[in-house]
Every structure is written in C-alpha cells, then in structure tokens.
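Read-outs throughout are calculated quantities, based only on the coordinates presented, and are distinct from any laboratory measurement. From a predicted model like this one, the values you see are computed outputs, not experimental measurements. Cβ placement follows ideal geometry from the backbone for every residue including glycine, while neighbour counts extend to all protein chains displayed.
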Amino acid sequence: MVAAIGELPTSGYALEVDGRLKAEFATRDGARAGGVELKKRFPMLQIRIYDAQTHAREEI
C-alpha cells in the first residue's frame, strides 16, 4: 500500500477508509486483500473498495 491519495484514481482500484482514499491497487483482488487485512486489525473502521472504471464502491 502507498500513502494517502488526494483525488479519485482514473484506473484500477482504491481503498477508502472512513471516507478517505488511502491506497491504490492495480487489481480488485489486491484491494480486497488489503481491505480485509485492515478490517481484521481495526474492525471499527468503515472500509470500501472504489472501482475507478465503474465509479462504484463496495463495502468490506
């Protein structure tokens, strides 16, 4: 994972934590794995995967 990003990505996937984009991933599987790992460590966080192609968000 990388540092916080300022704007919505134009391709790939991003991890949204409590409404803020935190990391970009090339694949959905990578974003999901990162999100699940965070959710296990910090279950109180609201974590979503943002899909840049469809502009949709998926709750983890």
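How many residues are of a type in the set (A, V, I, L, M) and in a strand (DSSP E or B) if we restrict to the stretch 3-60?
8
Select, from G12, G34, the only residue that is touching a residue at least 40 places away in the same chain (Cβ under 8 Å) and surrounded by 11 or more Cβ atoms within 10 Å (Cβ to Cβ).
G12
Looking at G30, G12 in this structure, which one is at positive phi and more than 9 Å from the chain's Cα centre (by Cα)?
G12
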